[in-house]
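Heads up, the thing below is written out as structure tokens.
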């Protein structure tokens, strides 16, 4: 139900329950958590790409399974990363690129929002159906979505349950870009490969500065950047900068 492929510093993680639209069953949530922990600690992996098999990224929680669960919708407010896939992704120190191949619905929408970068196929669609199911989000959608696309647009989506197509998602700033279905994985893997040329420790620290600062008021965020960057930058020698200058110039000429 979960496929992992590793190549040249990039790990591709594929949710593989296409017959169930990659619904997040308890077993899949646990497998995803274990994979994220493993890849977070894998010295040969710098960047992760998360996608889904078939026509869905993920349809969210497995409602069929929940219907027979004596704990009901407890998973919707799970506080442990083994039960809450959003927490599992957020605890990963390495960049995660979401390659959104199809529908990302409700809990699946929340999982997409937990990624660091989103590249969408033209087949991708997003929907928040919490209200239509009669439940409230517990994995962060009500707060993250409004911070990404603004409260008015977030309310339009969440209070209607309507689907958002890939191009509109891009226009609204929800995804980085939209590509043809056959170009989705090449585009995601190319970006991941670009990131993987940077030392993983640098990737992790820069990701953390952005995430931690975004949760703070602007003035406090600027101070946080200084508090983190100053001791780090003091350890960077002119020789280290010079050693990397040629590579930076070569990339500039090639792009």
Pairs of Cα atoms under 8 Å, at least six residues apart: use those to get the relative contact order of the chain, whole percent.
-> 17
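Which of rounded, prolate or oblate describes segment 2-196 when judged by the alpha-carbon gyration tensor and an a/c cut-off of 1.5?
Details: a/c = 1.64, a/b = 1.16, b/c = 1.41.
Cα axes put segment 2-196 in the oblate bin.
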Only helices counted: for the chain, with every DSSP H run of 4 or more residues adding -39500 (n - 2.57) and the sum spread over all residues, [θ] at 222 nm is -14000 deg cm²/dmol
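Can you tell me what share of the DSSP beta bridges in the chain is antiparallel? A percent to the nearest 5 is fine.
25
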Round to the nearest 10 and give me the degree value, 0 to 90, for the angle of helix 238-254's Cα axis relative to the longest principal axis of the chain.
-> 60
Global form of segment 1-96, assessed from the alpha-carbon gyration tensor, a/c cut-off 1.5 | oblate
With Cα atoms, 0 to 90° folded angle of helix 200-214 axis to the chain main axis | 60
For segment 169-255, what does the alpha-carbon gyration tensor say about shape, rounded, prolate or oblate, given a ≥ b ≥ c as the root eigenvalues, a/c under 1.5 as rounded, and a/b over b/c as prolate?
-> oblate
Alpha carbon centre of segment 175-240 versus segment 14-57: separation in Å?
-> 22
Relative to the first principal axis of the alpha-carbon coordinates of the chain, what is the inclination of helix 184-196, with its axis defined by its Cα atoms, in degrees from 0 to 90 and to the nearest 10?
-> 40
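FYI, it's all coordinate maths here, none of it is from the lab. Keep in mind the model is a prediction, meaning the values are calculated, not measured.
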